[in-house]
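Here is the structure we will look at.
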Amino acid sequence: MADIRTEMEDRYGAPPDATVYLLEAAMVRLECERMGIAQVDRRRGELQIRFMENAAVDPAHLMRLVARNARRVAQFTPQGLLKYPLAATRSDEVLLEIHELLATWRLHR
């Protein structure tokens, strides 16, 4: 994705914000696939994250994350969906928050 962005900038100059967000979203999607995350949706002020059975995320770390954020209404649903509250509201901030969350999970594999 970084190579694609560099190539686009070389040919067309600085990309518009929408293009940058699209490339960032694609990078998040690739990272999710590598980690075994099937789906990430943004619903109002929360992320809804569905994991694959073979997810490369430490379940104990996820449970601690939910416990630490219980007041902010982080929870696992009976269907195995993680609902995680978002602090960000703007698209670029939401993507950054997702990146940070994924980075935390990578550290605890």
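Nothing in this text is a laboratory measurement; each read-out follows from the coordinates by a stated rule. Note that the structure is predicted; figures quoted are calculated from it, not measured. We place every Cβ from the backbone using ideal geometry, glycine too, and count neighbours over all the protein chains shown.
When 1/r is averaged over all different Cα pairs and the result inverted, which Kirkwood radius in Å belongs to the stretch 23-95?
Answer for the stretch 23-95: a Kirkwood hydrodynamic radius of 12.9 Å.
For the stretch 1-74 and the stretch 86-104, what is the separation of their Cα centres, given in Å?
Each part's Cα centre sits 8 Å from the other's.
What order do you get for 14-24, 42-52 when each peptide is scored by the mean count of other beta carbon atoms within 10 Å, highest first?
42-52, 14-24
So what is the 222 nm mean residue ellipticity for the chain from helices alone, if each DSSP H run of at least 4 adds -39500 (n - 2.57) and you divide by all residues, rounding to the nearest 500 deg cm²/dmol?
Result for the chain: -17000 deg cm²/dmol, rounded to the nearest 500.
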